[in-house]
Amino acid sequence: MKSLPNAISALRFFGAVCLLFFRVESCAFWAIYFVCGLSDMADGYLARKLGCESKVGAMLDSLADLVFVVCCCFKLIPALAFPRWLWIWGGVIVATKIINQISALVMYKKCVFPHTMANKVTGVLLFLSVPTAFWTFIPIVIVAGVATFAAIIEGHYIRTEKGH
């Protein structure tokens, strides 16, 4: 039972890769998308509830999140028609997160994926707003604002040695 959260995270890897084989317009794509998103919420909750939180589990969760985001981006970016300024804003957020990881590598000789409340809120909002992005980009603008704040907080967390 103690390995259940890690198994859920590992299954998110598999589900994320499966997204690559389905069209964005298909029910299968969205079913897998929602299962992956819900699994992200479930694994952390179960780890805390079962008292089996670990650094390995947190890293596995973060890596599964990264694979999920990359696979979603690969499939969704070509399908979404956002204004150029929103794409640039997204690029700035990604660049900030990359700089944060470079800082962690320089300071600690390892990647650091802080599970801050701001990062968690960003993840939930992004998960919920992506399906609406085909009709309006307003929820994505809100997510971008929260994600910007989360990236700044993450960088502060890493550079003040709380991330070590």
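Points worth noting:
- Protection-proxy order for peptides 112-125, 78-91, each taking the mean of Cβ atoms within 10 Å per residue, highest first: 112-125, 78-91
- Considering only Cα atoms, the convex hull volume of the chain works out to 109 Å³ per residue.
- Comparing Ala133, Asn119, Ala81 along the charge dipole axis of region 81-164, the residue lying farthest to the positive side is Asn119, per the Cβ-charge model.
- Residues in region 127-143 carry Karplus couplings, in order, of 4, 6, 8, 4, x, 7, 5, 7, 10, 8, 9, 4, x, 5, 5, 4, 4 Hz; the curve used is 6.51 cos²θ - 1.76 cosθ + 1.60 with θ = phi - 60°, and Gly or Pro positions show x.
- Counting Lys and Arg as +1 and Asp and Glu as -1 over every other residue whose Cβ lies under 13 Å from the Cβ of Gln101, the net charge comes to +3.
- For a straight C-alpha distance cut-off of 18 angstrom, the aspartates and glutamates reachable from Lys120 (same-chain residues fewer than eight places away being disregarded) are Asp40, Asp43, Glu53, Asp61, Asp65, Glu154.
- Backbone HN-Hα couplings from phi across region 13-18 [Karplus 6.51/-1.76/1.60, Hz, Gly and Pro as x]: 4, 4, x, 4, 5, 4
- Unsatisfied cross-links (Cα-Cα over 20 Å) in the set Lys55/Lys75; Lys2/Lys49; Lys2/Lys55: Lys55/Lys75
- Difference of contour (0.36 nm per residue) and Cα-Cα distance, Phe82 to Leu11: 22.5 nm
- Net charge of the neighbourhood of Phe113, taken over other residues with C-beta under 9 Å away and scored Lys/Arg +1, Asp/Glu -1, is -3.
- Across all Cα atoms of region 81-164, the radius of gyration (one decimal) and Dmax (whole number) stand at 13.9, 43 Å.
- Summed over qualifying helices (DSSP H, 4 residues or more, each -39500 (n - 2.57)) and divided by its residue number, the chain shows a 222 nm mean residue ellipticity of -25500 deg cm²/dmol.
Every read-out reported here was derived from the displayed coordinates using simple, explicitly stated rules and does not represent laboratory data. For clarity, every value in this text was computed on a predicted model and none was experimentally measured. Every residue, glycine as well, gets a Cβ built from its backbone with ideal geometry; the counts of neighbours run over all protein chains shown.
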